[in-house]
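> Okay, handing you the structure first.
Every read-out reported here was derived from the displayed coordinates using simple, explicitly stated rules and does not represent laboratory data. As the structure is a prediction and not an experimental result, all values here were calculated from the model. Here the Cβ positions follow ideal geometry from the backbone for every residue, glycine too, while neighbour counts run over all protein chains shown.
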Amino acid sequence: MLILGIESSCDDTAAAVLMDQRVLASVLSCQDTIHAKFGGVVPELASRKHLQAIHPMVEKALLRAGVQLADIDLIAATQGPGLIGSLLVGFSYAKALAHVRGIPLVGVDHMAGHILSVFLGETQPSFPYIALIVSGGTSSIFLVEDYHQFHLLGRTRDDAAGEAFDKVAKLLGLPYPGGPHIAATAVSGDPQHVHFPRAWLEENSSDFSFSGLKTAVLNHVTQQKLKSANLRLSDICASFQEAVIEVLVEKAIRAARSHHIHTLVIGGGVSANKRLREVFAKRCLQETLTFYAPDLKYCTDNAAMIALAGYHQFRKMGAGPLDLDVYSRSPLG
């Protein structure tokens, strides 16, 4: 089966073509340079850029895959969660194609795409597994029983991990998006220089909270400036990053242990963080857990994961009606 995937949930316009689970083409138009001067995504600008990029991206994906639109057996498009204006561009485009060409359509939850993105690689896990999904929009832990059953075990109560990275980067004067810049700056830093707080919350809680950590970084920077001390930027970045990673890793491992699961998977934009992968691999080895991470190109938003999730959704439930609408919040949590 040939699947055309379309993703436009935030500020990246993406299209992909899959043959069942095999990626034939995956392309993306990134808006980072547009939003960087504002320090974050401007929804109206994002929507306008999606309008300009959506058709060229689909054409490019089809061309790279060496197929025609007439060859496509299924269209899978992100239905939510995300920015409503951005979602409407991609999902409306997908519905129009499906209607005019008579191609079955499925609306895909963006979270499901991240949960299953690990299956786009050569090394794939077996079910069940614990999935930690970390990005600018979410930090959540799921128990994944199969391609369709995801049980929410914990989620952020305030800032997502990626959001915390972006906000801390901004207060440190680093460019947007903040995650890669903090990670790069942290390489030469001492992660033990500042002991920032870890929000463990209630005993055995799988939820996250990063707003207090963000405030702790702000207070540290303010105090250093009042003392007219030089900001040890690399040390601050390394210490902040370590605080985030420790909580993410330990809570995911705790969830695996409490549910007697031996496989742990990560996904989402923050899962591209090299230090996070290193710590996860080390701790899973110590805990005799099997660890999987998606290829770096499938960590951030992409249409290949949407096509993959849509493929499995279609096999189980068939096509959706053309009057489907987008949603800003995921029913998965």
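> Projecting each Cα onto the charge dipole of the range 88-226 (Lys/Arg +1, Asp/Glu -1 at the beta carbon, about the Cα centre), which of His195, His148, Gly102 comes out farthest on the positive side?
After comparing all options, I get Gly102.
> How far apart, in nanometres, would the label points at Leu226 and Gln68 be if each is projected 7 angstrom from Cα along the Cα-to-Cβ direction?
7.1
> Among the listed pairs Lys49/Lys95; Lys170/Lys297; Lys60/Lys316; Lys170/Lys225, which are separated by more than 22 Å between their Cα atoms?
With Cα atoms farther than 22 Å apart: Lys170/Lys297; Lys60/Lys316.
> Give me Rg over Rh for the range 189-333, both radii from the alpha carbons and Rh done the Kirkwood way, two decimal places.
1.06
> Among [x] 6, 27, 32, 23, 10, 2, 0; [y] 6, 24, 28, 20, 14, 7, 1, 0; [z] 5, 22, 26, 18, 12, 9, 5, 2, 0, only one was calculated for this model; which label is it, if the read-out is P(r) over Cα pairs in 10 Å bins from 0, in percent?
[x]
> Once you place label points 7 Å from the Cα toward the Cβ at Gln286 and Asp20, how far apart are they in nm?
Simple spin-label model gives 4.0 nm for this pair.
> With +1 on each Lys and Arg Cβ and -1 on each Asp and Glu Cβ, how big is the dipole of the chain about its Cα centre, in debye rounded to the nearest 20?
560
> Specify the inter-centroid distance of the range 237-278 and the range 15-30, based on alpha-carbon positions, in whole Å.
For the range 237-278 versus the range 15-30, the Cα centre distance is 27 Å.
> Here's something else I'd like to know. Going highest first, how would you order 82-91, 277-286 by mean Cβ packing within 10 Å?
In descending order of packing, they fall as 82-91, 277-286.
> Cβ neighbours within 10 Å, averaged per peptide: list 146-155, 306-315 in order, most packed at the top. Before the final figure, lay out each step's value.
Numbers: 146-155: 16.3, 306-315: 26.3.
Highest to lowest by the protection proxy: 306-315, 146-155.
> Whole-Hz Karplus ³J(HN,Hα) for the range 253-269, in order, using 6.51 cos²θ - 1.76 cosθ + 1.60 and θ = phi - 60°, x for Gly and Pro?
Calculated HN-Hα couplings, in order: 5, 4, 5, 4, 5, 5, 9, 6, 9, 10, 10, 10, 10, 10, x, x, x Hz.
> Right, something else. Can you find, among Gly136, Leu63, Leu322, the residue sitting farthest towards the positive end of the charge dipole of the chain, where Lys and Arg contribute +1 and Asp and Glu -1 at Cβ?
Gly136
> Just to confirm my numbers, what's the Cα centroid distance between the range 136-173 and the range 46-122 in Å?
Each part reduced to its Cα centre gives a spacing of 23 Å.
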